[in-house]
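Heads up: the structure comes next, in structure tokens.
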Amino acid sequence: GEGETVAIVGPNGSGKSTLIKSLLGFARLFHGRVFYQGKDITGITPDRAVNLGIGYVPQINSVFTNLTVAENLEMGAYIRKGRASIKADMAEIYQMFPELKARKRMWAGNLSGGERQMLAIARAMMANPKVLLLDEPLASLSPKAVSVILSKMEKIRESGTAIVIIEQNVKKALDASQRGYILVAGACIMEGDSAFILSDDTAKRRYVGLKA
């Protein structure tokens, strides 16, 4: 729902990324239907998904390394018209991500891992998505960078944008979300409030990595 973060978690190879790619038309959907805001969007193309208000940050190749930070953000608004509103939104993005404003003329390829992830998320936000899909945004980041990314996600959620986070870091993802789904071998084996999943002894022991 609006202003909600949903975590889809599970071990490597459980089908998390394939699920998100199927929703966006990057992977073939063999069974089932995809509904978004009450409409059947099964078989949607990635560009149509953006037009419908679905933002996506892939796990790899998430920024244009040969463009500056500012140019990357401009690319995020490619579907939009009205330079004034785009400029106003970029100012808002820089308020939310002051780290990027300080580096707006820097080549994206020279950013740190955490800064690149911030830029990828900020660029997706430039399209004014209603829901933002994040594919393993915490992967390979330092603990400090993970904390920063999670705080940015919370600000985005508070602004009214729903977030779906696909993540191997089960504890962090569930802590940062209101609802959670655990996938194992392509099947959803547990779902519910994130706090409930975190308190479940079996889930803690098998999937969260905590002592029951």
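Checking the a/c ratio against 1.5 first, then a/b against b/c, what shape does the Cα gyration tensor give for the range 43-124? Oblate, because a/c is 1.5 or more while a/b does not exceed b/c.
Where a ≥ b ≥ c are the square roots of the eigenvalues of the C-alpha gyration tensor, would you call the range 1-61 rounded, which needs a/c under 1.5, or, failing that, prolate if a/b is larger than b/c, or oblate? It would help to have the intermediate numbers written out before the result.
Details: a/c = 1.39, a/b = 1.22, b/c = 1.14.
It comes out rounded by the Cα gyration axes.
Each of ILE8, ILE60 was scored by other Cβ atoms within 10 Å of its Cβ. Arranged with the fewest first, they read ILE60, ILE8.
Report for the range 5-208 the percent antiparallel among DSSP-assigned beta bridges with both residues inside it, nearest 5.
Bridges in the range 5-208 that DSSP calls antiparallel: roughly 35 percent.
Positive end of the dipole of the range 5-208 (Cβ unit charges, origin at the Cα centre): among THR65, VAL164, VAL148, the Cα lying farthest that way belongs to THR65. For the chain, the alpha carbon positions stretch 50, 39, 28 Å along the principal axes, listed from largest to smallest.
Is the shape of the range 59-98 rounded, prolate or oblate, going by the alpha carbon gyration tensor and its root eigenvalues a ≥ b ≥ c, with a/c under 1.5 for rounded and a/b larger than b/c for prolate? Judged from the Cα gyration tensor, the range 59-98 comes out oblate (a/c at least 1.5, b/c at or above a/b).
Between ALA84, ALA122, ALA176, the GNM of the chain built on Cα springs shorter than 10 angstrom shows ALA84 fluctuating the most. Each of ILE156, ILE165 was scored by other Cβ atoms within 10 Å of its Cβ. Listed from fewest to most, they are ILE156, ILE165. Exposure proxy shown here: for MET118, MET106, the number of other Cβ atoms within 10 Å sets the order, fewest to most, as MET106, MET118. Estimated from helical segments only, the mean residue ellipticity of the chain at 222 nm is -11000 deg cm²/dmol, where each DSSP H run of four or more residues counts as -39500 (n - 2.57). Its Cα centre serving as origin, the chain has a Cβ charge dipole (Lys and Arg +1, Asp and Glu -1) of approximately 380 debye.
Which residue fluctuates the most in the chain, going by a Gaussian network model with Cα springs under 10 Å, if the choices are THR68, THR161, THR202? Evaluated over the chain, the most mobile residue of the options is THR202. Taking the chain as a Gaussian network of alpha-carbon nodes connected by springs under 10 Å, the highest mean-square fluctuation of the residues LYS87, LYS144, LYS104 belongs to LYS144.
Computed from the coordinates by the stated procedures, all read-outs in this text should not be read as laboratory data. Being a predicted model, the structure only gives us computed values, none of them experimental. A quick note on method: Cβ atoms are made from the backbone with ideal geometry, for glycine too, and the neighbour counts reach across all protein chains shown.
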